[in-house]
1. List, in order, the whole-Hz ³J(HN,Hα) value for each residue of segment 8-20 obtained from phi through the Karplus relation with A = 6.51, B = -1.76, C = 1.60 and θ = phi - 60°; use x for Gly and Pro.
2. Of all trypsin sites (Lys or Arg not before Pro) in segment 1-105, which ones are in loop regions per DSSP and have a Cβ with at most 10 other Cβ atoms within 10 Å?
3. In Å and whole numbers, how far do the C-alpha atoms of segment 15-113 stretch along each principal axis, longest first?
4. What chymotrypsin sites (Phe, Trp or Tyr not before Pro) does segment 1-30 have in DSSP loop regions with at most 10 other beta carbons within 10 Å?
5. Subtract the Cα-Cα distance of E30 and R11 from 0.36 nm times their separation in residues, and report this length gain in nm to one decimal.
Amino acid sequence: MRCWRYDLLGRYGHMCRLTCWTTDLDGNSEWDRHLTDCLYGGDTNYRLQQEIVLGMGGPRMANALGYRVNVYHMNEGHAALLTLALLESQLGGGPLGAATETDIAQVRQKCVFTTHTPVPAGHDRFSAEQTNRILGATGRHACRIRAVFATEC
């Protein structure tokens, strides 16, 4: 992933810094290069891979940029895998199965979830088997349970 910063001048003169990213890089496969092309496109495989980029790559990107994110805003299911990435970080990279209620509560405090869709979107449901297959997940990464960061707003 590559990112760039965009400073957006708000309606009342306040500057909001947005950090955006893309997977359209020369070293990526043709498939991977198009994962950030559009938000609501593709089949469930494409959508899940987008959600991996957003939910798992997002916090890594923020960390690499030196952002100290206190609260993540999760809109609908697009960043659902963020909770796994945050839990893994909370455990210092340890097995997710070792998470305590305290660890889960710490992650919960960092997440705000909103939805703007009055009904569930059927294409947003992924089985644990499908998630694990796409992630290539085994062991501590097995499934058990997007990304723009706005900073200085």
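1. With the stated coefficients, segment 8-20 comes to 9, 7, x, 4, 9, x, 7, 8, 10, 8, 10, 10, 10 Hz.
2. R11, R68
3. 41, 36, 26
4. Y12
5. 3.0 nm
Where a number appears in this text, it was derived from the coordinates with a stated rule and is not lab data. It should be emphasised that the depicted structure is a prediction, and the values quoted were computed from it without experimental measurement. Every residue, glycine among them, receives a Cβ derived from its backbone with ideal geometry; neighbour counts consider all protein chains shown.
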